[in-house]
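Laboratory data are not the source of any read-out in this text; all were calculated from the coordinates shown. These numbers were taken from a predicted model, which means no experiment stands behind them. Every residue, glycine among them, receives a Cβ derived from its backbone with ideal geometry; neighbour counts consider all protein chains shown.
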Amino acid sequence: MSDPADILSELLRAVNKELMNMVTECLHHYGMGPQDIIVTMFVSHNPGTTVSEIARKTRMAKSHVSRTVDRLAELGFVKKRPDEQDRRLVRLYTTDNTRAHVEAVNAQVREFITGALDNLPHDTVRSLVEGLALLKDALEKQRVLATKSLSSAQDGPPGMASDSRQPV
């Protein structure tokens with residue numbers, strides 16, 4: 001595997017796995033699992049969201065999101081309120097307890113990363129940060145280009161009519 005894209009892809013997967021393991025350990029300390037944090041963070045970034053919105057945006061099963069929300073409400077991380085205009089809808093909000101726990105988990109993850117970086121020479125850390133910032137920007141630009149390319153391409157595979165998906 002000497003292709004830089006393959007090597008980088010594997011390294012990023014390995015780094016992501018280590019970070020996710022650390023986050024999972026932190027969450028376990030608070031009695032939470034990965035689904036709990038996904039839902040909690042979604043509600044945190046989208047106050048007043050609904051179970052249906054979470055399921056649609058996270059691509060999790062609605063029944064799974066519903067059970068997760070019920071558990072988070074029991075733990076005091078999410079509060080449910082009926083929608084003022086449509087009483088059939090239940091709006092979700094985080095609590096002060098949630099913010100405190102998210103900050104604690106973030107602090108533990110920062111401490112973990114800082115500990116790892118402390119084992120590297122300062123110049124290496126600076127180069128790593130600069131390189132990752134450049135990679136992030138390049139990936140964002142590539143995603144925009146790829147999205148534009150996909151939206152301007154035919155709907156179907158080559159040799160298929162775009163409107164009927166029938167061979168031409």
Rounded to whole Hz and in sequence order, give me ³J(HN,Hα) for region 18-26 from the Karplus expression 6.51 cos²θ - 1.76 cosθ + 1.60, θ = phi - 60°, writing x for Gly and Pro. 4, 5, 5, 4, 5, 4, 4, 4, 4
In the structure shown, of K57/K80; K79/K136; K79/K141; K57/K141; K62/K148, the pairs separated by more than 27 angstrom at the C-alpha atoms are K79/K136; K79/K141; K62/K148
Backbone HN-Hα couplings from phi across region 138-148 [Karplus 6.51/-1.76/1.60, Hz, Gly and Pro as x]: 5, 5, 4, 5, 5, 4, 4, 4, 5, 5, 4
Exposed-loop cut sites defined as trypsin sites (Lys or Arg not before Pro) in DSSP loop states with at most 13 other Cβ within 10 angstrom; longest site-free run of the chain spans 89-164
For Rg/Rh (Cα atoms, Kirkwood Rh), one of (1) 0.92; (2) 1.08; (3) 0.99 was computed from the structure I shared and the rest are decoys. Which label? (2)
For the chain, with a Gaussian network of springs between Cα atoms less than 10 Å apart, report the residue from V105, V125, V144 with the top mean-square fluctuation. V144
Non-local amide H neighbours of F77 (under 5 Å, H modeled in plane, Pro and chain starts lacking H): which ones? none
